[in-house]
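Notes to accompany the following structure.
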């Protein structure tokens, strides 16, 4: 737990510093001050409200034991096995098979699954996926991923806003070419910060999720299916808000080699290989 608190603090500090750099380059001292104030406010907001914002972004709707009995009871059983409080459960009306967890701590956690994943996977495979998401909750990865998604989006918005409306009125104001470069590179820098934390978290959640469910092979089969079908089914919300892609169990973004270069997820083949090794070893 202490390790994740350290990671969260470093993440927030790194993105706050990025706010200051962007503000300083685009608006001099006044721009830096305003950007740091904005970044600090965004850190506070992200800590408390980013999970709700992400759920609203995906139009996720809450379900219970009456509206989605199989999914709800599955999560309830797995949460008990993991020693976690019962999280809120949401369903997203999307054809692409995917799932994510969010929330600042286990007491305020939520898990969400798309209708696509519920229709495509078997009960056993879906159970493996939800165990993976609960592993993120137990590790408090959800706080890191939700905050990083919100702040990376804010970095993009700040860079775009500064390009068109910002900048100081003195000789230190950058020319439009410099501003455009900053507008492009600032979101990339925010994404690199996300990537530095995200890939290792996925391997950890795979292993711990397999331990929670007691069935690493089920998660391996689910990952193979999701990866295969997700590539042909775009998720419009994720395409419009790519900073949230790292929250999903499989990268939801369409794109070619450039997208994979900046992927926040490890290669599915490697994840499956590790899980199958666990299954063969009887963990």
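The values are calculated or read from the model by the stated rules, or taken from the named source; none is laboratory data. Because the structure is predicted, anything quoted here is derived from the model rather than measured. Every residue, glycine as well, gets a Cβ built from its backbone with ideal geometry; the counts of neighbours run over all protein chains shown.
A few remarks follow.
- Residues located in the range 224-243, provided they are farther than 18 Å from residue 115 by Cβ and in contact (Cβ under 8 Å) with a residue 60 or more places away in the chain: 241, 243
- Screening 81, 17 for residues that are assigned to a helix (DSSP H, G or I) and at pLDDT 95 or above leaves exactly one candidate, 81.
- Top-ranked residue of the range 73-90 - restricted to ones that are surrounded by 19 or more Cβ atoms within 10 Å (Cβ to Cβ) and without any contact (Cβ under 8 Å) to a residue 40 or more places away in the chain, ranked as farthest from residue 243 (Cα to Cα): 89
- Inter-residue pairs, beta-carbon under 8 Å, first on the phi > 0 side of the Ramachandran plot and assigned to a helix (DSSP H, G or I) and in the range 108-132, second crowded, with 22+ Cβ neighbours inside 10 Å and at pLDDT 95 or above, 6+ apart: none
This table checks each residue for (1) modelled with pLDDT under 65; (2) closer than 18 Å to residue 251 by Cα; (3) surrounded by fewer than 24 Cβ atoms within 10 Å (Cβ to Cβ).
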| position | (1), (2), (3) |
| --- | --- |
| 143 | no, no, no |
| 158 | yes, no, no |
| 164 | yes, no, yes |
| 170 | yes, no, yes |
| 191 | yes, yes, yes |
| 216 | no, no, no |
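- Condition broken by residue 264, with the remaining ones in (1) assigned to a loop (DSSP other than H, G, I, E, B); (2) at pLDDT 75 or above; (3) crowded, with 18+ Cβ neighbours inside 10 Å satisfied: (2)
- Search result, residues across the range 230-261 that are assigned to a loop (DSSP other than H, G, I, E, B) and modelled with pLDDT under 80: 254, 255, 256
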